[in-house]
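The values are calculated or read from the model by the stated rules, or taken from the named source; none is laboratory data. Note that this is a predicted model, so its numbers are computed, not measured. Just the protein is used for accessible areas: all its heavy atoms, side chains included, with ligands, DNA and RNA removed. Shrake-Rupley method; radii C 1.70, N 1.55, O 1.52, S 1.80 Å.
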Amino acid sequence: MPPIRPKKQTVVVPLTAALSGVLAALAAAATKLAVLPQVAAFLGQENDLVARAISGAAVAVANVLMWLTFSRALAMAASTVQVTTVNTLTNMLTTALLGTVIFGEPARPPVFWVGLLLVGLGSLLLNRQQPPPPHDQPEKPKAE
């Protein structure tokens with residue numbers, strides 16, 4: 001019987017990939033905040049240059065952290081597809097929630113949620129526990 005993937009891979013990889021998706025969405029939100037004039041007023045700044053600098057720094061930090069967590073998840077995962085689907089799912093979900101909560105954007109249409117559900121189901125299928133693929137071993141020469 002082939003060995004089962006270690007618990008670390010089964011639990012930590014999807015969580016790390018999900019964290020990278022959330023960080024990517026936060027970077028996108030910080031980018032959008034950098035161009036909104038209301039941010040300067042919210043921060044009590046008369047000049048929006050300071051607010052843009054703060055938002056720019058937040059974008060840089062979120063992107064660096066996202067790439068670190070995404071790379072770590074890729075290094076631990078059995079398949080890059082698993083990491084990418086979880087990252088995309090959490091990025092889309094977080095972006096939709098942040099858009100509604102922070103920016104007052106209208107709720108997404110039902111087709112968006114159906115698509116997100118399909119990505120989630122595909123992610124579950126890809127991340128279910130499976131034995132690792134067999135390693136190719138050279139055949140032993142036959143004795144004559």
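Observations on the model:
- Extreme residue, nearest to the chain's Cα centre (by Cα), among residues of the range 109-118 that are open to solvent by less than 60 Å² (accessible area, probe 1.4 Å) and not aromatic (Phe, Trp, Tyr): Leu116
- Of all the residues in the range 83-115, those that are more than 25 Å from Thr10 (Cα to Cα) and in a helix (DSSP H, G or I) number 12.
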